[in-house]
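Notes for the one structure printed next.
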Ligand SMILES: [Zn+2]
Ligand SMILES: [Zn+2]
Ligand SMILES: [Zn+2]
């Protein structure tokens, strides 16, 4: 996770204020306004009085601290959501793989599960019609042994059983 104070290569916020850097409401066709309403009072000028600089720094400090905190919180929230989405995806993938991989070719060339004479059976063919990419991935999984499959589908603590 980023520590905001250690990030050095932050690009400027698109259409951000030229003084505080934050976004501010302005019409989409307005490319003239450089400063947000708050910064119009204190943006840097040549040979400015120290009071003006102090006012600017005070205002920025007051607004940017909560801004950092909010950015930090958003970052953790999105990270949690991404993790949970990936977990959910992994569960779907494992469930689909478990169902498909049970459809193995028997010694007589039929499907072990649905006993269709033709292999790949209609379950495999259906997946191929629905999504070629996923079909290819499950085919790749079919080439793994049980230990490799367990790791691939459930991580290190996982347990895939072909039985
Ligand atoms: Zn500003
Ligand atoms: Zn400012
Ligand atoms: Zn089958």
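The values are calculated or read from the model by the stated rules, or taken from the named source; none is laboratory data. Just so it is clear, the model here is predicted, and its values are computed rather than measured. Cβ sites come from the backbone with ideal geometry, for glycine too, and all protein chains shown count toward neighbours.
If you filter the stretch 44-61 down to residues that are more than 11 Å from ligand 2 (Cβ to nearest atom) and assigned to a helix (DSSP H, G or I), you find that the one that is surrounded by the most Cβ atoms within 10 Å (Cβ to Cβ) is 54.
Any residue in the stretch 119-131 that is away from ligand 1 (no atom under 16 Å from the Cβ) and exposed (fewer than 11 other Cβ atoms within 10 Å of the Cβ)? So far as the stretch 119-131 goes, yes, one or more of its residues are away from ligand 1 (no atom under 16 Å from the Cβ) and exposed (fewer than 11 other Cβ atoms within 10 Å of the Cβ). A search for C-beta distances below 6 Å between a residue of the stretch 19-38 that is assigned by TED's automatic domain parsing to the domain that holds residue 70 and at pLDDT below 95 and any residue that is away from ligand 2 (no atom under 15 Å from the Cβ) and assigned to a loop (DSSP other than H, G, I, E, B), counting only pairs 6+ apart in sequence or on different chains, returns 33/26. Just one of the numbered conditions (1) in a loop (DSSP other than H, G, I, E, B); (2) out of contact with any strand residue (DSSP E or B) (no Cβ under 8 Å at 6 or more places or on another chain) is not true of residue 103: (2). Take residue 97 and tell me if it is out of contact with any strand residue (DSSP E or B) (no Cβ under 7 Å at 6 or more places or on another chain), surrounded by 14 or more Cβ atoms within 10 Å (Cβ to Cβ) and farther than 30 Å from residue 22 by Cβ. It is true that residue 97 is out of contact with any strand residue (DSSP E or B) (no Cβ under 7 Å at 6 or more places or on another chain), surrounded by 14 or more Cβ atoms within 10 Å (Cβ to Cβ) and farther than 30 Å from residue 22 by Cβ. So, residue 94, is that one more than 16 Å from ligand 1 (Cβ to nearest atom) and closer than 30 Å to residue 139 by Cβ or not? For residue 94, the condition - more than 16 Å from ligand 1 (Cβ to nearest atom) and closer than 30 Å to residue 139 by Cβ - is met. Only one of the numbered conditions (1) more than 30 Å from residue 134 (Cβ to Cβ); (2) away from ligand 1 (no atom under 12 Å from the Cβ); (3) at pLDDT 95 or above is violated by residue 83, and that is (1). Does the stretch 124-140 contain at least one residue that is outside any helix (DSSP H, G or I) and without any contact (Cβ under 8 Å) to a residue 12 or more places away in the chain? Yes, the stretch 124-140 contains a residue that is outside any helix (DSSP H, G or I) and without any contact (Cβ under 8 Å) to a residue 12 or more places away in the chain.
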